[in-house]
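Here the structure is laid out as structure tokens; the discussion comes afterwards.
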Amino acid sequence: MICDEKKILRKKMHKIQKDYIEKLLPKEKFSLTENLCEKITSLKEYKDSDLILAYISDTLEADCIPVILDALEKGKKVAVPKVDSMAIKCGRSEMDFYFLENRPLEEQLEYGTYGIREPKDGLKKLIWGVAGTSPFVIVPGVAFTKDGKRLGHGKGFYDIYISEMEKEGLNPFLCGVCLPCQIVENLPADENDELMDKVVF
């Protein structure tokens, strides 16, 4: 039942996002991105963390590239996800994070399994327990509530990864990031859905 609700809501939210983004003027898009970046980088948890797990957005998601560049400039470790294509072929939703270096991002990224830019081969993989125990995790999604509920894309990549981090004893700060149009009053949720510590929009 909840699964059906989520599927219907995802379809609705994708249309809302598409319509919202198409109506934005370039200067409005730039201003929105800068505003999101400022909200994230002003958070105490971001300032205190030396390990930032970010993402590379698709065409409908909030862009957090400015946050990545800010973190690298400040000497923080920054890692972004790469989907395990072999696991997907076997029906498993698995991904790993790889560290970015403080050099042009276009040299380090390539289009991956879902047509989203991912780290190229050769970048260093994040190993839990080696890179710190309190990462600041920027989490994308299809929809969020202000109190931290999240609707993902339906594959479970982030919920699985975050759950495994917590089982390993890590204490990640989960920061959901989205466009204003992605905030909703309520979301269907089950025990596998990770709750965000903060939602920025």
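Observations on the structure shown:
- For Arg103 and Ser57, the FRET efficiency from 1/(1 + (r/R0)^6), where r spans their Cβ atoms and R0 equals 22 Å, is about 0.65.
- Inverse of mean 1/r across different Cα pairs in the stretch 77-157, Kirkwood, Å: 14.3
- What the phi angles of the stretch 185-192 give under the Karplus curve with 6.51, -1.76 and 1.60, with θ = phi - 60°, is a coupling list of 5, 8, 9, x, 9, 10, 5, 8 Hz, glycine and proline written as x.
- About the Cα centre, charge dipole magnitude for the stretch 4-133 (Lys/Arg +1, Asp/Glu -1 at Cβ), debye: 380
- Taking every C-alpha pair closer than 8 Å and separated by at least 6 residues, the mean separation divided by the residue count of the chain gives a relative contact order of 22 percent.
- Using a simple spin-label model with pseudo-atoms 7 Å out from Cα toward Cβ, Glu73 and Ser134 lie 2.5 nm apart.
- Applying both filters, DSSP loop and at most 16 other Cβ atoms within 10 Å, to the chymotrypsin sites (Phe, Trp or Tyr not before Pro) of the stretch 59-150 gives Tyr114, Trp128.
- Under 5 Å from the amide H of Asp84 lie the amide H atoms of Glu94, Met95, Asp96, each residue being 5 or more positions distant or on a separate chain, with H modelled from the backbone and absent for Pro and chain starts.
- Karplus-based coupling profile of the stretch 64-80, in residue order and whole Hz: 10, 4, x, 5, 4, 5, 4, 4, 5, 5, 8, x, 7, 7, 10, 10, 10, with θ = phi - 60° in 6.51 cos²θ - 1.76 cosθ + 1.60 and x standing for Gly or Pro.
- Only helices enter this figure: runs of n ≥ 4 DSSP H residues, each worth -39500 (n - 2.57), summed and divided by the residues of the chain, yield -10500 deg cm²/dmol at 222 nm to the nearest 500.
- Neighbour-limited loop hits for GluC sites (Glu not before Pro), the stretch 138-201 (at most 16 other Cβ within 10 Å; DSSP other than H, G, I, E, B): Glu168, Glu185, Glu191
- Of all accessible heavy-atom area on the chain, the percent that carbon and sulfur account for (1.4 Å): 51
- Among Lys82, Lys125, Lys27, residue whose mean-square fluctuation peaks in a GNM of the chain (springs only between Cα atoms under 10 Å): Lys27
- Alpha-carbon centroids, the stretch 1-66 and the stretch 129-174: separation in whole Å: 15
- Distant-in-sequence amide contacts of Val139, defined by a placed amide H-H separation under 5 Å and a gap of 5 or more residues or a different chain, comprise Cys175, Gly176, Val177.
- Listed residue (Pro119, Leu24, Leu51) projecting farthest to the positive dipole end of the chain, Cβ model: Leu24
- Taking θ as phi - 60° and the Karplus parameters 6.51, -1.76 and 1.60, the scalar couplings of the stretch 6-17 work out to 5, 4, 5, 5, 4, 4, 5, 5, 4, 5, 4, 4 Hz in sequence order, x denoting glycine and proline.
- Remark: spin-label model distance His14-Lys27 equals 3.4 nm, labels positioned 7 Å along the Cα→Cβ axis.
- Restricting the stretch 147-195 to trypsin sites (Lys or Arg not before Pro) that sit in a DSSP loop and have at most 15 other Cβ atoms within 10 Å of their own Cβ leaves Lys155.
- Global form of the chain, assessed from the alpha-carbon gyration tensor, a/c cut-off 1.5: rounded
The values are calculated or read from the model by the stated rules, or taken from the named source; none is laboratory data. What you see is a predicted model; the values in this text were computed from it and never measured. Glycine gets a Cβ as well: all are built from the backbone with ideal geometry, and neighbour counts include every protein chain shown. Each accessible area value is taken on the protein alone, full model and side chains, heavy atoms only, with ligands, DNA and RNA left out. Shrake-Rupley method; radii C 1.70, N 1.55, O 1.52, S 1.80 Å.
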